Amino acid sequence: MNKIKTAVFPVAGLGTRFLPATKAAPKEMLPVVDKPLIQYAVEEAYAAGIRHMVFVTGRNKRAIEDHFDTAYELENELEQAGKQALLDIVRSVQPEDMLCSYVRQPRALGLGHAVMCAEHLTEAAPFAVLLADDLMMGPPGGQHVLAQMADVFHRLGRSVLAVQEVPHAQVRRYGIVAGSPAGDRLLQIERIVEKPSPEAAPSRLAVAGRYILTPAVFEQIRQQPRGAGGEIQLTDGIAGLLKHEAAYAYTYLGKRFDCGSKEGFLEATVELAMAHPEVGVSFREYLKSLKV
Ligand code: UTP
């Protein structure tokens, strides 16, 4: 089975839930402790063996491009000052064997449309999609979520979606899947619906922001009309794909923080700060001192 070579990062959403922070900067550049959200996602893709990162950007693209580019002046200053540890941190953002491409989504017409904008860079091969505002942590000492999914993909050769159970009242925020058992933590998907009402939802299994997709999905996205919220939905493209080939839902090991929402973002900040090698111990002390 082919290796997955390309990861697509749709970063052209408006991020309205984080205004005014996202007025001039993409929400994927919001930092959790000391790294922007997009860097966590890129590191996850890199750890899954992917080396070509494709960013689908919108109006505020500069910050992301600059982040993954060489910061010549900064590196020079740090080098002159002999600050090797900081220099290593700066350089580690862009490993030498990693290629970054940028493509513009002219209007935020939906996630399906954003993924379509990257079609010509995916070499007609299976590819990953990572939504950086879902910050995923693998289990302690275990594999990242995308690496777990890549293992499933290499076994089955078909599209794999990361899923988790959500409370019934929250199904309308997600793509929801239902299917039949197909192995450990796996379902073969029979239905997938975008943002159903709790009454209409076929299950409580929600798609988290990680996908491995076969290229056949592009044709399906192209053919479909606009879906929920008037947007061109990736979920509807995957629903179309099911008529032609199998796709699987994988209940990942680990934890997801919905950093597209303020609460999820704050939770991620607290938990990652508590685990941070530099500030973790003192931050825990600080939390204990709070009267909450
Ligand atoms: P969201 O549904 O979270 O939308 O998109 P959003 O616009 O970013 O945020 P809010 O709801 O206004 O606060 C999910 C992911 O899909 C990308 C977003 O950047 C985000 O990573 N996206 C969405 C696009 O790239 N283009 C689109 O047209 C829509």
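The values are calculated or read from the model by the stated rules, or taken from the named source; none is laboratory data. Since we're looking at a predicted model, the values are computed, not measured. No Cβ is skipped: glycine too gets one built from the backbone with ideal geometry, and neighbour counts run over all protein chains shown. The protein model used for the area step is the full one, side chains on, heavy atoms only, and it has no ligands, DNA or RNA in it. Shrake-Rupley method; radii C 1.70, N 1.55, O 1.52, S 1.80 Å.
Of the conditions (1) open to solvent by 30 Å² or more (accessible area, probe 1.4 Å); (2) more than 16 Å from the ligand (Cβ to nearest atom); (3) not in a loop (DSSP other than H, G, I, E, B), GLN170 fails just one. Which one is it?
Failing condition for GLN170: (2).
Can you tell me how many residues in the range 112-125 are outside any helix (DSSP H, G or I), open to solvent by 10 Å² or more (accessible area, probe 1.4 Å) and touching a strand residue (DSSP E or B) at 6+ places or on another chain (Cβ under 6 Å)? Full working, then the answer.
Of all residues in the range 112-125, those outside any helix (DSSP H, G or I) come to 117-118, 122-125.
Still in the running and open to solvent by 10 Å² or more (accessible area, probe 1.4 Å): 117, 123-125.
Next cut, touching a strand residue (DSSP E or B) at 6+ places or on another chain (Cβ under 6 Å) only: 117.
Here the count works out to 1.
Within the range 42-53, is there a residue that is within 9 Å of the ligand (Cβ to nearest atom) and among the aromatic types (Phe, Trp, Tyr)? It would help to see each step written out before you state the result.
To start, the set of residues in the range 42-53 that are within 9 Å of the ligand (Cβ to nearest atom) comprises none.
Within the range 42-53, not a single residue is within 9 Å of the ligand (Cβ to nearest atom) and among the aromatic types (Phe, Trp, Tyr).
Among the residues of the range 186-197 satisfying the criterion of being more than 16 Å from the ligand (Cβ to nearest atom) and open to solvent by 20 Å² or more (accessible area, probe 1.4 Å), which is nearest to VAL145 (Cα to Cα)?
So the residue we want is LEU187.
Can you tell me which residue among GLN143, GLN80 is more than 16 Å from the ligand (Cβ to nearest atom), modelled with pLDDT of 95 or more and either of a type outside the set (Val, Ile, Thr) or surrounded by 15 or more Cβ atoms within 10 Å (Cβ to Cβ) (or both)? Spell out the reasoning first.
Values: GLN80 fails: modelled with pLDDT of 95 or more.
Exactly one of GLN143, GLN80 is more than 16 Å from the ligand (Cβ to nearest atom), modelled with pLDDT of 95 or more and either of a type outside the set (Val, Ile, Thr) or surrounded by 15 or more Cβ atoms within 10 Å (Cβ to Cβ) (or both), namely GLN143.
Mind counting the residues in the range 198-246 that are within 14 Å of the ligand (Cβ to nearest atom) and assigned to a helix (DSSP H, G or I)?
Count: 8.
Given the conditions (1) near the ligand (Cβ under 9 Å from one of its atoms); (2) modelled with pLDDT of 90 or more; (3) of a type outside the set (D, E, K, R), which single one is not true for PRO36?
(1) is the only condition that PRO36 fails.
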